[in-house]
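**Q** Okay, here's the structure, questions in a sec.
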């Protein structure tokens, strides 16, 4: 049989194997996506209610009421937290995150800041550590969670204008992880080691839609446009006691919500990408089968013609 038929059979077998892999990955991502979507949708009402409480608390503060998370710092170091995935094959999820991170670095540098890019998820770090960034931001350093949380002020001062990967497995985020990050950020911000804290992540909309977001987390502001005007509020206990209890909790909850949004977005993007890959593999297999059958029929016809011609010659 002609060599091109053997090549076609090999290609068809390869496409079938690829189709099986992409289908299996789609099923795995679909199972993980269901849990991740449920987690993010259940967490949103609490996160929004707590955010509204914090905005109203900040709005009702007086000049004598102060808290470390509300005070603007003169330090020009800015922490940029970039949340990406640990693995690829999830469509444009990571590329969109990286593009948003590059734009964020550009904005911070233009504002006279020295960004410290802290990557959670290795995919963003793999690109950003090699990519020329505005303001000479560069680096290829990986640190453990313990290194960051043990002395965050020293860490941020040593890595100004640098890109650092936080060496954690970012598949199953939990509140303890978010709380440890929030506590370290609060310590560094309160000590004045960092002037601003920003985050780049994908906000979950649906399995097919994830929106890259560049958001400022600290210092907290009253968000006057978002808070409805109301009557004067009487606080019990004092404003300071409420702020000390609520604001750190809000920061930890906000970090946790961001990780849930990112994980749900990743699984949704991977499920959609693997579904498209499976469909493309089926379509390619169908076209190859048609080409194979045509080539096979042509080879058979050619052999019959040769046999008939030989018989007539005799």
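**Q** With n ≥ 4 as the cut-off for DSSP H runs, can you work out [θ] at 222 nm for the chain, using -39500 (n - 2.57) per run divided by the number of residues, rounded to the nearest 500?
**A** Here the helix-only value at 222 nm equals -21000 deg cm²/dmol.
**Q** Efficiency by 1/(1 + (r/R0)^6): what FRET value for residue 9 and residue 35, r their Cβ-Cβ distance, R0 = 30 Å, to the nearest 0.05?
**A** Values: r = 41 Å, r/R0 = 1.35.
About 0.15, to the nearest 0.05.
**Q** To continue, here is another question. Give the whole-number value, in cubic angstrom per residue, of the convex hull volume spanned by the C-alpha atoms of the chain.
**A** 163
**Q** Next up: Name the shape class, rounded, prolate or oblate, that the alpha-carbon gyration tensor gives for segment 31-102, where a ≥ b ≥ c are the square roots of its eigenvalues, rounded holds for a/c under 1.5, and otherwise prolate holds if a/b is larger than b/c and oblate otherwise.
**A** oblate
**Q** Let me ask another. Relative contact order (percent) for segment 90-145, with alpha-carbon contacts under 8 angstrom and 6 or more residues of separation? Before the final figure, lay out each step's value.
**A** On the way: 31 pairs, mean separation 18.6, N = 56.
Rounded, it is 33 percent for segment 90-145.
**Q** Within 10 Å of each residue's Cβ, count the other Cβ atoms and sort 6, 123, 73 from fewest upward.
**A** Fewest-to-most ranking of 6, 123, 73: 6, 73, 123.
**Q** Would you mind calculating the relative contact order of segment 1-120 from Cα pairs under 8 angstrom and at least 6 residues apart, reporting the percent as a whole number?
**A** Working: 45 pairs, mean separation 29.6, N = 120.
Once normalised by length, the contact order is 25 percent.
**Q** Another question, if that's okay. Assuming R0 = 41 Å, can you tell me the calculated FRET efficiency for the pair residue 107 and residue 16, based on Cβ-Cβ distance, to the nearest 0.05?
**A** 0.30
**Q** With everything on Cα atoms, drop me the angle between helix 175-190 and the longest principal axis of the chain, reported from 0 to 90° to the nearest 10.
**A** That works out to roughly 50 degrees.
**Q** Quick one: which of 81-92, 34-45, 101-112 comes out on top by average Cβ neighbours within 10 Å, and what's the full order, highest first?
**A** 81-92, 101-112, 34-45
**Q** If we sort 196-203, 281-288, 179-186 on the protection proxy, mean other Cβ atoms within 10 Å, highest first, what's the order?
**A** 196-203, 179-186, 281-288
**Q** Order these peptides, 306-312, 257-263, by their mean beta-carbon neighbour count within 10 angstrom, highest first.
**A** Order by mean packing, descending: 257-263, 306-312.
**Q** Also, quick follow-up: As I understand it, the value is the acute angle between the Cα axis of helix 239-313 and the longest principal axis of the Cα atoms of the chain; what does it come to in degrees, rounded to 10?
**A** 10
**Q** Shifting gears a bit: Using Cα-Cα distances under 8 Å and only pairs 6 or more residues apart, what relative contact order does the chain have, in percent?
**A** Relative contact order comes out at 30 percent.
Every read-out reported here was derived from the displayed coordinates using simple, explicitly stated rules and does not represent laboratory data. From a predicted model like this one, the values you see are computed outputs, not experimental measurements. Positions of Cβ are generated from backbone atoms using ideal geometry, with glycine treated the same way; all protein chains shown enter the neighbour counts.
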